[in-house]
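Everything on this sheet refers to the single structure shown next.
Just so you know, all these numbers are worked out from the coordinates, no wet-lab data involved. Small disclaimer: the values here were computed from a predicted structure and weren't measured. Here Cβ is always computed from backbone atoms with ideal geometry, including for glycine, and neighbour counts include all displayed protein chains.
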């Protein structure tokens, strides 16, 4: 397979400006916002007064996805370099507040509990304010600022480090804090390590019971003094921490980036698709026409572009995965109507509207999958024809209303003697 053809399967899913919404609909992701506060008195996060802030964030995010800019780095011989509207939207459905310090604190320091990593104490000298430990550990970063003395008789506690020196085959720690009593050959030195739950599933498990009907956005915090950070590891949830410490628009750009991960996109420092640059320099740099792209999935200051194949992959993914299809508002019962006013052949998976009407004397041919929403229905007018040619018509929710011939009841394919209006061929199927 040539490099240029390996993404050919995505081409039918590119939503060109000329593509009708019938075949290339706007995907509407149902978003459930979870604002996780540290405590009632000290939320250290968004509050009930922040609803307009959230609305503004998602207005920006939707504008980024609907008003994409041309690529800052153009590829040679790339005839399809720019799609303005990705036809992807994020619809905030629900906002829930939680008070839970453990769920709030996504990045913190915790004691190293693995005893195999502890350092044996050879001597504690109260006169010199030093602790001698076994081994050469003067370069060990985790004990440069503070240590935890444990399993001694008199000196258990947390201490600040003033100086570290190698002494023979051992290491001497000079403490900033007073030691009350000297001890010999007893106890251990442990230390604080970073606990990073930025990408953890625990909030999704504990706060939503692993709900898969929405894309859950957790706004959380951190007890560490770090900039705003986030992670989008799943089609069902993402995390953004310390959003109030960032610029508002920069936070929207960060969230748009993490949402991209949830939708299936990877970082652009290594190209996921053939219409992306071979190299994209990361490092919060201004985008340029040479080394730093303006891609949403890059680490640049612009974040306002997605390539046609990136966009197409998102549409392809949601039209080929029943599990994540349920997170779309498109999957719910809706009043939208598609009218087939001319003979049409659908040769890609189609996420359908609530009602499809095949008008009089017209033919609709399904060659892939036609995905019907909850309570969806297909209405066939006089002399219309529905052909399922190696395709499939079904509803992931399994509760659609079937096919209705106008002025009659529902058609039951297995009881009618003649199905002149519906043709199944090449293993085409309709699942009720």
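With neighbours defined as other Cβ atoms within 10 Å of a residue's Cβ, the residues 381, 258, 20 order from fewest to most as 20, 381, 258. Over segment 109-195, Cα pairs under 8 Å with separation of 6+ residues give a relative contact order of 43 percent.
At 4 °C and 1.567 mPa s, what whole-number value in µm²/s does Stokes-Einstein give for the translational diffusion of segment 334-430, with Rh from the Kirkwood sum over Cα pairs?
Values: Rh = 13.2 Å.
After rounding, the answer is 98 µm²/s.
Springs join every pair of Cα atoms under 10 Å in this Gaussian network model of the chain, and among 116, 165, 341 the largest mean-square fluctuation is at 116.
Could you sort the peptides 237-243, 314-320, 149-155 by per-residue average Cβ neighbour count (10 Å cutoff), highest mean leading?
237-243, 314-320, 149-155
Build a GNM of the chain with springs between Cα atoms under 10 Å apart, and of 236, 325, 159 the one that fluctuates most is 159.
Would you work out if segment 85-156 is rounded, prolate or oblate? Take a ≥ b ≥ c from the square roots of the eigenvalues of the alpha-carbon gyration tensor; rounded if a/c is under 1.5, else prolate when a/b is larger than b/c, oblate otherwise.
Because a/c hits 1.5 or more and a/b exceeds b/c, segment 85-156 counts as prolate.
When a/c reaches 1.5 or more, the comparison of a/b and b/c decides; with that in mind, is segment 1-148 rounded, prolate or oblate per its Cα gyration tensor? It is oblate, given that a/c is not under 1.5 and a/b is not larger than b/c.
Please tell me the relative contact order of segment 73-228 in percent, rounded to the nearest whole number, where contacts are Cα pairs under 8 Å and at least six residues apart.
Working: 247 pairs, mean separation 46.3, N = 156.
Once normalised by length, the contact order is 30 percent.
Given the options 234, 225, 72, which has the most mean-square fluctuation in a GNM of the chain, springs set between C-alpha atoms less than 10 angstrom apart? Among 234, 225, 72, the largest mean-square fluctuation in the Gaussian network model of the chain belongs to 225. Round to the nearest 10 and give me the degree value, 0 to 90, for the angle of helix 308-318's Cα axis relative to the longest principal axis of the chain. Computed tilt is about 80 degrees.
Our summary gives the chain a relative contact order of 15 percent, counting only alpha carbon pairs under 8 angstrom and 6 or more residues apart. Relative to the longest principal axis of the Cα atoms of the chain, the long axis of helix 51-66 lies at roughly 60 degrees.
Is segment 109-195 best put as rounded, prolate or oblate by its Cα gyration tensor, with a ≥ b ≥ c the root eigenvalues, rounded for a/c under 1.5, and otherwise prolate when a/b is larger than b/c, oblate when not?
Working: a/c = 1.37, a/b = 1.20, b/c = 1.14.
Taking the square roots of the gyration eigenvalues as a ≥ b ≥ c, segment 109-195 is rounded.
Take 133-145, 23-35, 244-256 and order them by the average number of nearby Cβ atoms within 10 Å per residue, most first; the result is 23-35, 244-256, 133-145. Once the Cα atoms are used to define both axes, helix 248-262 deviates from the longest principal axis of the chain by about 70 degrees.
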